[in-house]
Structures are given as C-alpha cells and as structure tokens.
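Okay, structure first, notes after.
The values are calculated or read from the model by the stated rules, or taken from the named source; none is laboratory data. Keep in mind the model is a prediction, meaning the values are calculated, not measured. Note that we place each Cβ from the backbone using ideal geometry, even for glycine, and neighbour counts take in every protein chain shown.
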Amino acid sequence: MSAINPDTKASPLVGLAGRFGRYARSRSTRLAAFAGLLTYLCYAYAHNSWTNPALIGVALFFALFMPTYSRISNKIEIWANNQFGFVTAGRLGRFVFQFAFNLVLFAIMLLGGGMSRSGVASVGGIAGAALVTSLASQGLQYLGSYLFQRGIGDLNRNVLTALCINTVLTALGTAGMPYAREAFLAIGLGLGGLLLLVGLLSDLRSLVAPKGGVGLYFGTFNPFHNTHLAIIERAMEQRRLDKIIIHPTLIPRHYAEAFRKGEIKVARLQDGFQIYEKTDKADVNVDYFPTGNIFLPPETRKALIELAVAEAGLAGKVEVISLRETYDTRGFQGVIAEIKKMHPGVRLHTLHGTDYGGMLVRQICDECGWIYPWRIMRRDNVSATAIRKGAQGMTPAVVTDVLEQISENLPVVTAGGRRFRNDNGVLTEGV
C-alpha cells in the first residue's frame, strides 16, 4: 500500500505542474507578462505613479489575463459576424467590449491616483481616453490580423503585440506629453476610423452589388454538403453569375507552421478523416483548431466537390481548381491574384457564410480589391462539423456514397463514373 498511495497523491500534482509548465512556456504568456510590465513602466513614467497601488493592480491584471482578453475579443467579433452577417457588426462588437473594458480600467486608475487628471482631461476625460485607445486598438489589431492572414505570426499573439503598442501610445498620450497626445489621437481616430470605413464599404458592396461576373467560393468544404450546393445555386441565380470558381483550402499556412514546429500532429485516422491533435510543444494560449481538428485530405475534398457539382448538373457553370504552389506560398491572396489574371477586367463576387471561416474569407477578399461579397446567413443547422460527428442526410448522394466507401477502407472507390485509389482516405484518380 505504501507504494501505491504516494503515486496516487502525486499524480494530480504532477499533472498540475505539467499544465503550469506549459502555461509558463507559452509565448502568449510571456508576451502578456511583458505587456503587464510595459503597462506599469509606461504609465508610471508618464504619470509619475511608480508606487501607485491602482496602477500596480491593473498591470498585474494585464500580465495574467491578456491572453484571455484577446480570445474574448476574437470570440465576440465572431459571434456578432455570425448573428448579423456584416463586417461592421463584428467590428462594433469587438469595439464595444474593448471600450467598456478600457473605461473601467481608466476609471480605476484615475480614481486610484495612477493617472494624471489634467493629462486625461486633455484627451476628453476617461470616456475620451477609452474611446481613442479602443479605436487605436481596433486598427492595430486589424494590422495584426492582416499579417496573420499572410502567414506572419499567430492571431492571438499578433493581437497581444498590437495591444502592447497601443499601451505605449495611450500611456504617453493620456499624460499630455508634447506630440504624444497628438500622435495618440491621430492614430486612434485615424486607424479606428479607417477600419470602420473599410468595413462599411464592404457591407455596402454586399448590398448594392451589380449583376454578372465570376463568383469566388473558398473554404475547407470538409466535407462538401447540401448547404454548399444551395449557396452556389442561390448566388448564381441572385447575382446572375457567369461562372463560379471553387478553390478548397489545402493545408493552411498556420497549420503547416504548427506541424513544422511539432506543435500539432496527425494523431490517427478515422473513417478516412485525419484527426489533428496538439502535442506537448503546443502553446496553451493558442486556438489551433478554430474550425475543428478533423479533416479530409485536400485531394479528397476536391474530388467530392467535383462529384457533387457534376451530380447537380452544374459542371458547366462551376470550375473546381487547386493552385497548390500558389496557395502554399501566398494563400488565398495569391489564388485571387491568379484568378484575376485568368479573367482580366471581369467583375468578381465572394460567396461566403457568416461563420468563422466564411468571414475570414470575406476579410481576405476585401483586402484584395473591389470584390463584391455575397453572404448567406447560416441558420439551417447543416454543418461539416455535424457530418464529421456522424450526422446523416446533410450531404449530396454522391458525397454520402464516397464517404461510406472510404469508411469501409475500400482500396478502390467508384462514384459518378470515376475510379479512385484510396490510400487511407486520400483519393487519387486513374486506377
């Protein structure tokens, strides 16, 4: 018994120590700690409040909860996008949360003597300071997201970096320092105002889009289901599109980078799907799988789209492409550039849902020029996530048939008059 009891008591402690170790090793944790220190140093220097308890408390709060704050900001924007389907709604949702958060913190520091009353008054009091710093934060965080879309950094860490930059600007600006206040106001109102304007223009393009042209439909299609097909048919009818080009997501660059670093892995295969899992090297503050961790191989997803489109009689109106090299090096931004070369001067439309992936595609397309969004509010409860969990009746007949053959691990899959070799869920035509 003496050999069992110590192990039994030690196991929870070992597990706790392991979780704490992973939390401490997280780059987001270290960056948050730096943000807390930066908050203290900047405000203490700018407002001469080195020993102020309110400032010390706020700095400690930042150091401990900044990663959580970033995740909440992202989730609020995702929720608002999905509820209303407009870019402006998501950005306003994020702004309202951050404005309220900043208003409380400024009130605590001002009432606690951690900030100069005259300096804060020079930027409109705590409401004005909260307004400007929230606007600046919106603009800087958008830049962080912009870089993430181009394979630079992680979304949460980029947001944290933007918040660190904003901390310096806000501390100096609210102290009324020469030129710092003007820079604080200019960056806050300029970046924040520009971001809202870009969102408004995108929403207006979605409402008053002209007819005709080529539709762009990007996504994971994991797997292709009935709502994907309905989106194609409705968009083609409502926008009178000449053609729709579908390009499925291959291996997103942030996944490829996480694989390279050993932070995620393909843990196992299940019914032809690859199950991704985090490893011990994973950053505990990073959401590696915002759209789930179960994926069909890219080759298989492309084949399923082609089969479903052909079955629906849309093969002449829908083109499925896979620009692997372009996507791997430049993402969907590069894919859009190539499509523009293929169709010079042709009006382009973006087809997308209002979930996380759909609005991500919308943002990418907005950054690639004057493309007209066409959105559909997802309210039908049909989802690839449900299908991957075993839901029935949500996929076209040919997709259902192929998935069943893959789940049986048949060496050859036949569907729609085509034959594929099946290598653990990877379909290769020509056998």
**Asked** Based on what the data block shows, is Ser49 under 28 Å from Asp355 (Cβ atoms) and outside the structural domain of Thr354 (by TED's automatic domain parsing)?
**Response** no
**Prompt:** Taking the stretch 265-307, which residues are in a loop (DSSP other than H, G, I, E, B), over 22 Å from Ala32 (Cα atoms) and small (Gly, Ala, Ser)?
**Reply:** Gly272, Gly292
**Request:** Tell me, yes or no, whether the stretch 356-369 has at least one residue that is surrounded by 13 or more Cβ atoms within 10 Å (Cβ to Cβ), part of a loop (DSSP other than H, G, I, E, B) and in contact with a strand residue (DSSP E or B) (Cβ under 7 Å, 6 or more places away or on another chain).
**Result:** no
**Asked** Applying the selection to the stretch 59-71, what residues are at pLDDT 90 or above and under 30 Å from Ala89 (Cβ atoms)?
**Response** Phe61
**Asked** Does at least one position in the stretch 397-404 carry a residue that is within 24 Å of Ala310 (Cα to Cα), surrounded by 21 or more Cβ atoms within 10 Å (Cβ to Cβ) and of a type in the set (S, T, N, Q)?
**Response** no
**Fill in**
Per the list (1) touching a Phe, Trp or Tyr at 6+ places or on another chain (Cβ under 7 Å); (2) hydrophobic (A, V, I, L, M, F, W, C); (3) free of Cβ contacts under 8 Å to residues at least 40 places away in the same chain; (4) outside the structural domain of Glu404 (by TED's automatic domain parsing), residue check on Leu197 breaks on (1)
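Give the stretch 173-232 a look and list any residue that's among the small types (Gly, Ala, Ser) and assigned to a helix (DSSP H, G or I), or say none.
Listed by number, the residues that qualify are Gly173, Ala180, Ala183, Ala186, Gly188, Gly190, Gly192, Gly193, Gly199, Ser202, Ser206, Ala230.
Quick one: which of Val346, Val318, Val335 is touching a residue at least 40 places away in the same chain (Cβ under 8 Å), surrounded by fewer than 17 Cβ atoms within 10 Å (Cβ to Cβ) and within 28 Å of Thr227 (Cα to Cα)? I'd like the intermediate steps shown before the answer.
On the way: Val318 fails: surrounded by fewer than 17 Cβ atoms within 10 Å (Cβ to Cβ); Val335 fails: surrounded by fewer than 17 Cβ atoms within 10 Å (Cβ to Cβ).
After ruling out the rest, the residue left standing is Val346.
Condition check ((1) assigned by TED's automatic domain parsing to the domain that holds Leu403; (2) within 28 Å of Leu147 (Cα to Cα); (3) of a type outside the set (Gly, Ala, Ser)) across all residues:
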| site | (1), (2), (3) |
| --- | --- |
| Tyr217 | yes, yes, yes |
| His225 | yes, no, yes |
| His228 | yes, no, yes |
| Ala235 | yes, no, no |
| Arg240 | yes, no, yes |
| Ile246 | yes, yes, yes |
| Ile251 | yes, yes, yes |
| Phe259 | yes, yes, yes |
| Tyr276 | yes, yes, yes |
**Complete:** Looking across the stretch 286-296 at residues that are surrounded by 21 or more Cβ atoms within 10 Å (Cβ to Cβ) and closer than 26 Å to Ala415 by Cβ, the single one that is nearest to the chain's Cα centre (by Cα) is Phe295
**Message:** Out of everything in the stretch 238-255 that is at pLDDT 95 or above and assigned to a helix (DSSP H, G or I), what residue ends up being nearest to Cys365 (Cα to Cα)?
**Reply:** Arg239
